Each structure stands twice: as structure tokens, then as C-alpha cells.
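Notes for the one structure printed next.
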Amino acid sequence: MSLIPNKLLLNILACGLVLSCPLLEGAPTTQKPAQVEQEWTTFTSKGDGFSVELPKKPEHVQQKIDIPNTDLKIDYNTYLSEPSDNVVYVISVWNYPAQIDMSKPEVNLQDGFAGMLSALPGSEVTNMQMSEVEGHKALEFLVKNEDIFFQGKLILVHNTLYQVFTVYKNSVDMSDDYRNFIDSFKLINADSRKVTPEKKENDKKMNV
């Protein structure tokens, strides 16, 4: 049986990150078992702007989600690599619309992390610290929820948020595999993640 059903995992991620959306002013308001050797390979998504080492080809899930009380939607793509029943590797790429204010990376990342925790009641934060990935702000975390760990990073690249993390049982020694996974994550053409905020109607009229 899978560690966490993929649909449940996606719901947890979605719930947490929708709760963390700050709107720009003027936006619409509506004992450790022996580990099986895995042959790691590089997975690349040019469309989502990253490459990473994974032990198994990931499953790709593409979705849209409504932002409550607005007419806005978030497009996101999630890649799930599940080499065993005890471990899942996740890369989730959230493309926030231009109306969402992502101009304060440290605040945005902390809000996003708080949103994730709200979807995992009873969790214990073992580690949380700010860092950088290729010059972009990131938040590294380790969270324990009963006998399951969530470990990884949130990386904010302009208006795109990358969730790069593992989910594993506490009986699994993940020290080497986690480091291999997280250190292999690379951004591709990060500047393409930039978005241009839409002008307000009054501004448009002034420029006519």
C-alpha cells in the first residue's frame, strides 16, 4: 500500500498553498531496513523550468485550482516519483497569476509553509530555515507527522513556487538519498518565470 495516496498528497499541497495567496491591491476579489539500490536518472521539465535526479520516472499530474473569493486560478504541475511504499519524491510547480503579490519572498515562503502546516494538523516542525537556490530565496524544512516525515524546500522564483521535497516513514534512512535528490535540483531559464502585473483600468486610461 502506498505511503500516502497521491490524491490525498495533492489535496494537502493544494489546501496549504491556496491558503497562502496574498492578493495585490486592486486584484479581483471574487530500525532501519536495508535500502534497495536504485538507478537514479536525471528528469528534466523544460516547460516547468527544472531538472532533478530521481530513482524512478515520475508520474505527472496537471491541475488548476481556484483561489477563494476571486475569479483567479493557479496552474500547477506535480511530479511524483514513488520508488517504494515507504518513500515519495515530489516536485510541485505552482504558477501564480500576476495579480498575486509575490514581491516579498521571505514572507511569501513563510506564509506558504504555514499553509502547508495547516493542512497537516498535529505536525511537529523539526527544522525550518531560510536559504537560497541559485540566488532565489528558499525555505528548507523538516516536519514530522506521526511516523511520517516531510523534508525539502520551498523555492520562490518570481511568481513561480517550487515545492521540492520527500515524504518518508521514520523507519527509512533517507540521509544520503535526500541529499542526492535535493542537491541535484537545478533551475532552467529562471528568468522565464517572470510575470508582468496587469495595469489597473485607471492606469490604462491615463496612458491612452
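General remarks:
- Within the stretch 73-171, GluC sites (Glu not before Pro) in DSSP loop having at most 14 other beta-carbon neighbours inside 10 Å: 134, 146
- 18 Å Cα-Cα threshold exceeded, pairs from 46/194; 104/137; 153/186; 137/194; 46/104: 46/104
- For a modelled paramagnetic label at residue 179, 7 Å from Cα along Cα-to-Cβ, no residue of the stretch 79-99 is in reach, as no backbone nitrogen comes under 11 Å.
- Descending semi-axes in Å of the stretch 67-208, equivalent ellipsoid built from Cα gyration tensor: 32, 16, 13
- Proximal aspartates and glutamates relative to residue 57, as straight alpha-carbon distance under 12 Å, when same-chain residues fewer than 8 apart are discounted: 39, 82
Bear in mind these aren't lab numbers, they're just calculated from the coordinates by the rules spelled out. This one's a predicted model, so the numbers in the text were calculated from it and none came from an experiment. All Cβ positions, glycine included, derive from the backbone under ideal geometry; neighbour counts span all protein chains shown.
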